[in-house]
Amino acid sequence: MVTGSNRGIGLGLVKEFVKMNHPPNHIFATCRNLTGSEAKALQDLATKHPNVHVVQLDVTDHSSVKAAVSVVESHLKGQGLNLLINNAGRNSQTPFLEDVDQQDMLLTYNTNTVGPLLIVKEFLPLLKKAAKETASKDLGGNKAVVINISSFIGSIGQGFTTTITPVPPLYAYRASKAALNMIMACLAVELKKDGILCALIHPGWVKTDVGSEEAPLMVQNSVEGMLKVIANLKSSSSGAFLDWEGNEVAW
Ligand code: NDP
């Protein structure tokens, strides 16, 4: 399941899944508006690939998250969910202190931080079910994996050292991703006993609405890299913060 999959990196991930030699039986591609031009590319993909199920999900709306669980469950018919990618996210247009705005801070936190946590909470029974479907003791792809798309610029250790272009403070965005990192580090510890691996991935600086036209990396390159990283996750990767090439990112 990939959240925020009507455009950008999320859509790129779904496109990559359907291209695989052995594509997943079910790909749950969530987006907040099922109709209209924003969802057209995804709906077209679902028409061509019956294993793609387009599911309504607004990450800031708890009732929408719960409704999505029921839809996913109805397709899985007793099976579990073995991969959840919390990708949906928003940037904020408040780069400097003078722009900081309470509403914007809270909406960004709700979308990038609280949303992914609620999604893991509500999908936990399906993730646990997938983890139990194999006797393997090793965490990773043959059990259940939760990936959270974080950002290098949410890293206090490395997020100010980029030499490509100086990144402004972006208080709302950076803080929301730093908080997401802590939440997912906690989840990695809490869910290990259930056989669920949680990890964070920085997708690179990617040409999308969040990344802007200036970004050097194309969606396809980022997504191909991230899927390789996901495929190679091992028990020791639980709680890791990696980039799309598999390098560790500092907290
Ligand atoms: P896009 O702006 O292209 O895509 C963002 C996606 O998130 C859209 O599908 C959007 O849906 C969805 N979304 C936003 N708010 C909500 C919501 N409340 N409920 C459900 N879906 C929502 O950006 P990217 O593809 O670049 O972003 C994907 C992830 O990658 C984000 O988490 C971002 O922070 C992260 N990231 C991106 C980087 C980059 O350089 N591009 C760098 C580091 C991290 P809608 O069309 O409805 O708005």
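The values are calculated or read from the model by the stated rules, or taken from the named source; none is laboratory data. Just so it is clear, the structure is predicted and the values come from calculations on it, not from any experiment. Positions of Cβ are backbone-derived with ideal geometry, glycine not excepted, and every protein chain shown enters the neighbour counts. Ligands, DNA and RNA are excluded from the accessible area calculation, which covers all protein heavy atoms including side chains. Shrake-Rupley method; radii C 1.70, N 1.55, O 1.52, S 1.80 Å.
T47 - would you say it is over 28 Å from I153 (Cα atoms) and either at pLDDT 95 or above or exposed (fewer than 14 other Cβ atoms within 10 Å of the Cβ) (or both)?
Judged against the criteria, T47 is a match.
Residue under question is G89, and the condition is that it be crowded, with 17+ Cβ neighbours inside 10 Å and assigned to a loop (DSSP other than H, G, I, E, B); does it hold?
So G89 fits the description; yes.
Filter the range 51-68 for residues that are more than 12 Å from the ligand (Cβ to nearest atom) and open to solvent by less than 20 Å² (accessible area, probe 1.4 Å) and give the result.
If the condition is that a residue be more than 12 Å from the ligand (Cβ to nearest atom) and open to solvent by less than 20 Å² (accessible area, probe 1.4 Å), then V52 is the only one that fits.
Just to be sure before I move on: is V18 aliphatic (A, V, I, L, M), in contact with a Ser or Thr (Cβ under 9 Å, 6 or more places away or on another chain) and touching a residue at least 12 places away in the same chain (Cβ under 8 Å) in the structure I sent?
So V18 fails the test.
Would you point out the residue of the range 181-225, among those that are free of Cβ contacts under 8 Å to residues at least 12 places away in the same chain and in a helix (DSSP H, G or I), that is farthest from A250 (Cα to Cα)?
K193
Restricting the range 1-16 to residues that are more than 8 Å from the ligand (Cβ to nearest atom) and open to solvent by less than 10 Å² (accessible area, probe 1.4 Å), which is farthest from I201 (Cα to Cα)?
V14
Considering only residues that are over 22 Å from G115 (Cα atoms) and either in a loop (DSSP other than H, G, I, E, B) or within 14 Å of the ligand (Cβ to nearest atom) (or both), which ones fall in the range 36-50?
Correct list: G36, S37, K40, A41, Q43, L45, H49, P50.
Take the range 92-104 and flag every residue that is surrounded by fewer than 16 Cβ atoms within 10 Å (Cβ to Cβ) and within 16 Å of the ligand (Cβ to nearest atom).
Correct list: Q93, Q103.
Here's a check for you: in the range 17-33, which residue that is open to solvent by less than 30 Å² (accessible area, probe 1.4 Å) and in a helix (DSSP H, G or I) is nearest to K207 (Cα to Cα)?
Within the range 17-33, the match that is nearest to K207 (Cα to Cα) is F17.
Do the conditions hold for L107, that is, is it in contact with a Ser or Thr (Cβ under 9 Å, 6 or more places away or on another chain), closer than 26 Å to V219 by Cβ and open to solvent by 10 Å² or more (accessible area, probe 1.4 Å)?
yes
Yes/no matrix, rows are residues, columns are (1) of a type in the set (D, E); (2) open to solvent by 10 Å² or more (accessible area, probe 1.4 Å); (3) near the ligand (Cβ under 9 Å from one of its atoms):
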position: A188; (1), (2), (3): no, no, no
position: T208; (1), (2), (3): no, yes, yes
position: E214; (1), (2), (3): yes, yes, no
position: V223; (1), (2), (3): no, no, no
position: M226; (1), (2), (3): no, no, no
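Can you say whether D243 is surrounded by fewer than 18 Cβ atoms within 10 Å (Cβ to Cβ), within 17 Å of the chain's Cα centre (by Cα) and under 15 Å from N87 (Cα atoms), as far as the supplied structure shows?
For D243, the condition - surrounded by fewer than 18 Cβ atoms within 10 Å (Cβ to Cβ), within 17 Å of the chain's Cα centre (by Cα) and under 15 Å from N87 (Cα atoms) - is not met.
Quick check on my filter: what residues within the range 122-156 are within 16 Å of the ligand (Cβ to nearest atom) and either aromatic (F, W, Y) or out of contact with any strand residue (DSSP E or B) (no Cβ under 8 Å at 6 or more places or on another chain) (or both)?
E122, F123, F152, I153, G154, I156
Out of (1) crowded, with 18+ Cβ neighbours inside 10 Å; (2) within 11 Å of the ligand (Cβ to nearest atom); (3) under 16 Å from the mean Cα position of the chain (by Cα), what's the single condition that is false for N82?
Just one mismatch for N82, condition (2).
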